[in-house]
Structure formats: structure tokens, C-alpha cells
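*Asks:* Once you've had a glance at the structure underneath, I'll fire off some questions.
Each reported figure results from applying straightforward, stated rules to the coordinates on display, with no laboratory input. On a predicted model such as this, the values are computed, not experimentally measured, just so you know. Neighbour counts are summed over all protein chains in view; Cβ atoms, including those assigned to glycine, are modelled from backbone coordinates with ideal geometry.
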Amino acid sequence: MGIPIENKEIVFLLADDHSIVRQGMEILIDEIIPHSKVYHTSSLLQIVELVGSKEIEIAIIDAHFPDGNSLHILPEMKKANPNIKILVFTGLEEDLHVLKFIKAGANGYVSKLSEEEQIRQAISDIVYKGEYFSAVSRDLMVKFVHNPDLINPLSRLTNRELQIAEMYADGFGNLEIANHLDIKQNTVSTIKKNIFDKLKIENLVELIDLVKTHHKI
């Protein structure tokens, strides 16, 4: 008969640039899995190295670090240890970002704004079930099957439309965009209308928000 999981030494990695967050998370882990071994890092660049060298079994990581974004290293973490379970613990809005992290390899996603009981549940589920997804995440995953654009609505745009959308997000006006791209101003206006139609938005504020959410992360 095997050792009960709560009596095993599970190796965790807590990756967050705020030490108070890591300390609080370690307290919860110790309550759930008393014999766990916990490594800490505040650096995105150290995560993959630690996953490989310390045989990390469960990583609880933030989305944003001073040296980059963890979304882009999730595949590297899985390559370093294909069996690792990754729980993203972040302040980013779940409904806007969770699908991207799941696609990149996350096994769970929980908001830093969640109540302690939900965070505790997320840790417990990752340990015992290998995944944690809230009702919001599960609903989005079902919808994604029928509408793949949910993961990034900007994927509907052509390269030129995306380029111009980014320029609007950077504060350029129609005349500046036309001069920069050496095209006519009415061409910019036409492309802007196409962008709005494809994204089902009505103004630049909505466009800027979409670009910052889905392309600048």
C-alpha cells in the first residue's frame, strides 16, 4: 500500500516577486501537505532552471515579473519536467487571460483577489487531482471549443490591421499612422473600420484595452 499523498514530500516552487505572497502561500501549503519541500524564487529567469535542477513537482507562479511574463516560459517548464503541475496565481482578470495560460500549459489558474478558502482549494486540487479550474475557467473552456477566437480576438485581424491597431494603442492618430506607413489617410480610416467590425467594438478606448490585454501581455 502506497504512502498517503499528504505524508509524501512533495517538492513545490513558489515563484513571485513579492516575498509576502510566497510566505503566505507556503503557510497554506504547510497546512495541506505538512511534509512538503518548498523552493522560492522572485526571478522569472530562475524558474526553468529550478524546475529542472530541483525536480519540482508543483509550481505556483505569478504571471508578471520585473524580468518578463511567465506565459512564455510555461512550455519550457513542461519541457524541463513533463510531469510538473503549474498553478498560475495572479492578479490578472481570469476571464480575459486564463485560456492563454491553459493553452501554454497551465494546470490551474486562481486569482490573488480570491478568498483564502478558494486559494486553499486550488492548492489542494492541484496536489490531489493535478488541476484546478474555477467555474469561470471551465465555462470559458467549453465556449472555446465552439469559438477559438475567445483565446485572442486579435487573431481575427490581418497583419496590417494588427500593426495599425498596435499603433492606435501606442497613441498614434490617423495622420501619424498614414505618414509612418506611407499610405493615404482614408486608407487608415477604412482599415480602422474593418478592425472595429471584426472585433465588434465601437471606439478606440475598447481597441486599446483589447490590444493591451491580448497582445501586450
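*Asks:* Are there any helices in the chain, counted as whole DSSP H runs, that stretch 24 Å or more along their axis by Cα and score at least 0.5 on average by Kyte-Doolittle, and if so which? The partial results should precede the final answer.
*Replies:* On the way: long enough: none.
Membrane-span-like by this rule: not one helix.
*Asks:* Just round it to a whole percent: the fraction of Cα-Cα distances in the chain exceeding 32 Å. Please report the intermediate quantities before stating the final value.
*Replies:* Numbers: 7141 of 23436 pairs.
Tail fraction, whole percent: 30.
*Asks:* Right, here's the next one. Would you list 155, 137 from fewest to most Cβ contacts within 10 Å? Numbers along the way, then the final one.
*Replies:* On the way: 155 12, 137 21.
Least crowded to most crowded, the residues run 155, 137.
*Asks:* Per 0.36 nm of contour for each residue apart, how much would the distance between residue 193 and residue 149 grow if the chain were fully extended, relative to their Cα-Cα spacing?
*Replies:* Working: separation 44, 0.36 × 44 = 15.84 nm, distance 1.93 nm.
Stretched fully, the residue 193-residue 149 segment lengthens by 13.9 nm.
*Asks:* Once the dipole of the chain is set up with Lys and Arg at +1 and Asp and Glu at -1 on Cβ about the Cα centre, which of 137, 211, 113 lies farthest towards its positive end?
*Replies:* 211
*Asks:* Going through the cross-link list 85/112; 103/129; 79/112; 79/212; 112/212, which pairs have a Cα-Cα distance over 25 Å in this structure?
*Replies:* Values: 85/112 19 Å; 103/129 19 Å; 79/112 27 Å; 79/212 29 Å; 112/212 20 Å.
Going by Cα-Cα distance, 79/112; 79/212 fall outside the 25 Å limit.
*Asks:* Also, quick follow-up: Could you give the dipole magnitude of the stretch 152-214 about its Cα centre, charging the beta-carbon of Lys and Arg +1 and that of Asp and Glu -1, in debye to the nearest 20? If you can, show how the numbers build up before the last one.
*Replies:* Working: 8 positive and 9 negative charges, 48 e Å.
Here the size comes out at about 220 debye.
*Asks:* Let me ask you something else. In percent, how large is the relative contact order of the chain, given Cα pairs closer than 8 Å and 6 or more residues apart? Before the final figure, lay out the partial values.
*Replies:* Numbers: 301 pairs, mean separation 29.9, N = 217.
Relative contact order here is 14 percent.
*Asks:* Quick one: work out Rg over Rh on the C-alpha atoms of the stretch 4-115, Rh as Kirkwood radius.
*Replies:* Details: Rg = 13.1 Å, Rh = 14.0 Å.
Here Rg/Rh amounts to 0.94.
*Asks:* About the Cα centre of the stretch 105-209, what is the dipole size in debye to 20, counting +1 per Lys and Arg Cβ and -1 per Asp and Glu Cβ, all else neutral? Spell out each step's value before the answer.
*Replies:* Details: 12 positive and 16 negative charges, 73 e Å.
The dipole of the stretch 105-209 has a size of about 360 debye.
*Asks:* Also, quick follow-up: Plugging the Kirkwood radius over Cα pairs into Stokes-Einstein for the stretch 152-214, at a temperature of 10 °C and a viscosity of 1.306 mPa s, what D comes out in µm²/s? Kindly include the intermediate steps, with their values, before the conclusion.
*Replies:* Numbers: Rh = 11.5 Å.
Once the numbers are plugged in, D ends up at 138 µm²/s.
*Asks:* OK, next. Got a sec? How would 128, 109, 168 order by Cβ neighbour count within 10 Å, fewest to most? Please report the intermediate quantities before stating the final value.
*Replies:* Numbers: 128 13, 109 26, 168 19.
By the 10 Å Cβ count, ascending: 128, 168, 109.
*Asks:* Related question: Under a point-charge model restricted to the Cβ atoms of Lys and Arg (+1) and Asp and Glu (-1), what is the dipole moment magnitude of the chain relative to its Cα centre, in debye to the nearest 20?
*Replies:* Dipole magnitude for the chain comes out near 800 debye.
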